[in-house]
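Report on one structure; see the data block that follows.
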């Protein structure tokens with residue numbers, strides 16, 4: 001290169017720093033879910049699977065502790081290892097284990113599980129009902145994509161051209177709908193789209209969709225609703 | 001407290017560099033210390049518009065990578081000593097900049113200047129997101145036409161997502177600067193009206209700069225339009241915009257270049 005500057009930066013090496021620093025340790029109380037598998041394990045797992053399907057939210061991201069006292073007593077350490085594998089397969093976040101012999105823990109992956117689990121019993125709060133409606137109070141800008149499969153979406157503001165709103169339920173836009181709106185991802189054809197000003201590029205409910213050229217200039221700029229009517233998409237004015 | 005302001009738009013060619021230079025000069029004329037920084041690495045233009053292209057030795061990339069000190073790279077304007085330019089590199093490209101390096105440069109600039117104006121490149125990629133990363137305030141430049149407005153809307157979405165302030169949960173102050181406006185065409189329906197643009201973009205208006213040949217003349221002369229022709233319509237509009245940035249509450253006026261009788265009779269537009 002034509003000019004090389006002599007400007008050098010020197011970073012002090014870690015060893016030269018004044019005194020060694022300690023890693024900061026903090027304590028925290030967490031609520032873990034304690035699962036107590038029973039013999040026969042296959043029945044217990046069947047019950048567990050049913051519960052996982054019915055209410056996955058309870059287990060979502062929670063630390064799980066496996067209390068294997070019953071299994072170890074009834075079926076021995078081999079069965080305990082099999083049960084632990086079964087729990088891992090179901091993608092449960094195992095963090096600790098108790099009631100199991102040291103030989104099981106010495107083996108492979110179970111070495112990482114914590115065993116110092118003394119704590120108090122704590123009530124499990126009933127899983128908070130997940131919100132069934134998403135409220136957006138800002139305009140949805142071009143390029144933004146709002147996807148909410150768990151229910152309705154309400155936008156207090158406009159949805160810009162080049163933006164999209166995809167909802168499990170209905171879509172309510174208290175403003176101009178200029179981008180794309182697709183409703184009924186989970187509720188299907190009963191969902192609707194409402195807007196104060198229809199200037200959308202594409203609307204869809206369930207499996208049906210239409211682009212703007214379909215409803216033409218007559219509805220453009222008017223308050224409108226989109227719904228499924230006897231197997232086809234109907235766009236009608238609201239005023 | 002120094003302010004970092006990004007001048008961005010999404011679409012290219014709408015007037016970011018012109019506006020950065022004009023606003024920078026207008027703020028400096030009102031006594032603020034201003035640094036204008038060109039973030040368009042590889043396609044730099046701010047140095048041309050500022051008339052400093054023959055004095056560039058070190059640039060933003062050099063300072064960010066630690067090869068040069070900020071004082072070596074800053075070019076003081078010959079006409080206004082409170083105005084300085086930090087040019088971009090022309091031989092490198094945007095990948096040469098890192099967030100960490102830019103962050104350090106911005107911090108150093110904050111210590112020396114009241115206002116740091118970042119001239120963003122067009123687009124939504126790394127160059128543009130780096131230019132807006134450390135901003136306290138954004139001026140979104142748009143023309144009253146559909147593709148510019150849509151691109152500016154995209155950029156506004158990014159300003160609400162990719163800036164430090166947005167990540168920390170604060171709302172970034174965003175203002176709209178409408179450039180190359182033509183009231184006549186808007187009235188005839190050939191261009192979008194100012195109200196239509198505001199309705200779509202939903203951010204407060206900083207100013208409206210009307211289309212004018214003075215801007216191109218000033219750029220070719222190597223001076224911000226506010227310095228080159230201070231009594232021209234765009235210069236006055238930029239000066240008003242600068243006053244609004246400083247907190248004054250001025251009414252919005254559409255200052256249009258005066259047309260001669262002949263051009264009004266025959267509808268000719270001056271070559272832009």
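The values are calculated or read from the model by the stated rules, or taken from the named source; none is laboratory data. Model, not experiment: these values are computed from the prediction. Glycine also receives a Cβ, built like all others from the backbone with ideal geometry; neighbour counts cover every protein chain displayed.
Here is how the numbers come out for the structure above:
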item	result
Enumeration of residues in the range A:120-139 that are in a strand (DSSP E or B) and either farther than 20 Å from residue B:174 by Cα or modelled with pLDDT under 95 (or both)	A:133, A:134, A:135
Options A:155, A:159, A:203, A:173; residue that is buried (at least 21 other Cβ atoms within 10 Å of the Cβ), within 13 Å of chain B (Cβ to nearest Cβ) and more than 22 Å from the chain's Cα centre (by Cα)	A:159
Single residue of the range B:67-79 satisfying the filter (away from chain A (no Cβ under 14 Å) and over 13 Å from residue B:113 (Cβ atoms)) that is surrounded by the fewest Cβ atoms within 10 Å (Cβ to Cβ)	B:78
Residue ID - surrounded by the most Cβ atoms within 10 Å (Cβ to Cβ), chosen from residues in the range B:129-145 that are part of a loop (DSSP other than H, G, I, E, B) and away from every other protein chain (no Cβ under 14 Å)	B:135
Matching helices (runs of 4 or more DSSP H) fully within the range B:146-195 where at least 3 residues are out of contact with any helix residue (DSSP H, G or I) (no Cβ under 9 Å at 6 or more places or on another chain) and within 14 Å of another protein chain (Cβ to nearest Cβ)	B:146-159
Residue ranges of helices (runs of 4 or more DSSP H) in the range B:32-128 with at least 3 members without any contact (Cβ under 8 Å) to a residue 60 or more places away in the chain	B:60-64, B:70-73, B:99-112
Test: residue in the range A:144-152 that is buried (at least 21 other Cβ atoms within 10 Å of the Cβ) and either in contact with a helix residue (DSSP H, G or I) (Cβ under 9 Å, 6 or more places away or on another chain) or within 29 Å of residue B:10 (Cβ to Cβ) (or both)	yes
